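First comes the structure, then the notes that go with it.
The values are calculated or read from the model by the stated rules, or taken from the named source; none is laboratory data. As the structure is a prediction and not an experimental result, all values here were calculated from the model. Backbone-built Cβ (ideal geometry, glycine too); neighbour counts: all protein chains shown.
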Amino acid sequence: MVRRGWVDINFGRPQDGLADIQHAANLEDAQGEYSLGELYLQGRVVPYDRDKGLALVKLAAAQNYLPATSMLDGISKGLWPSRVNQPQ
């Protein structure tokens with residue numbers, strides 16, 4: 001479901017892709033939570049929202065989803081764009 005969502009986003013069907021990723025996140029799928037969080041942190045397909053993005057990534061990290069734990073580690077070390085490292 002998440003993979004199909006990314007394919008849709010990258011090939012011109014962003015709303016279809018977003019729906020798939022949101023559905024996965026709503027099912028507490030770690031990859032879905034991480035992907036939706038990443039979209040919020042990038043302001044891609046959805047408006048930029050640091051708090052929402054980080055909350056979703058933290059939910060995925062709580063399930064030991066490696067990309068999410070790696071992202072949080074990178075953010076804590078200042079390796080992400082400054083707007084992600086700064087509170088809104």
Requested in this report: Starting from region 1-18, keep only residues that are more than 14 Å from Arg44 (Cβ to Cβ) and without any contact (Cβ under 8 Å) to a residue 24 or more places away in the chain, then list their pairs with residues that are in a helix (DSSP H, G or I) and among the small types (Gly, Ala, Ser) whose Cβ atoms are within a distance under 8 Å, requiring at least 6 positions of separation or different chains.
Outcome: Arg4/Gly17; Val7/Gly17; Asp16/Gly5
Query raised in the report: What number goes with the only condition from (1) outside any loop (DSSP other than H, G, I, E, B); (2) surrounded by 12 or more Cβ atoms within 10 Å (Cβ to Cβ) that Asp51 does not pass?
Result: (2)
Query raised in the report: Scanning for something at pLDDT 95 or above, under 11 Å from the mean Cα position of the chain (by Cα), surrounded by fewer than 20 Cβ atoms within 10 Å (Cβ to Cβ) and not charged (D, E, K, R), does region 32-44 turn up at least one residue?
Result: no
Requested in this report: Take region 1-48 and flag every residue that is outside any helix (DSSP H, G or I) and among the charged types (D, E, K, R).
Outcome: Arg13, Glu28, Asp29, Arg44
Query - Residue check, Gln63 at pLDDT below 95, surrounded by fewer than 17 Cβ atoms within 10 Å (Cβ to Cβ), in contact with a helix residue (DSSP H, G or I) (Cβ under 7 Å, 6 or more places away or on another chain) and not small (Gly, Ala, Ser) - result: no
**Report entry** Qualifying residues in region 1-31 (those that are small (Gly, Ala, Ser) and surrounded by fewer than 19 Cβ atoms within 10 Å (Cβ to Cβ)) - the one nearest to the chain's Cα centre (by Cα)
**Finding:** Ala19
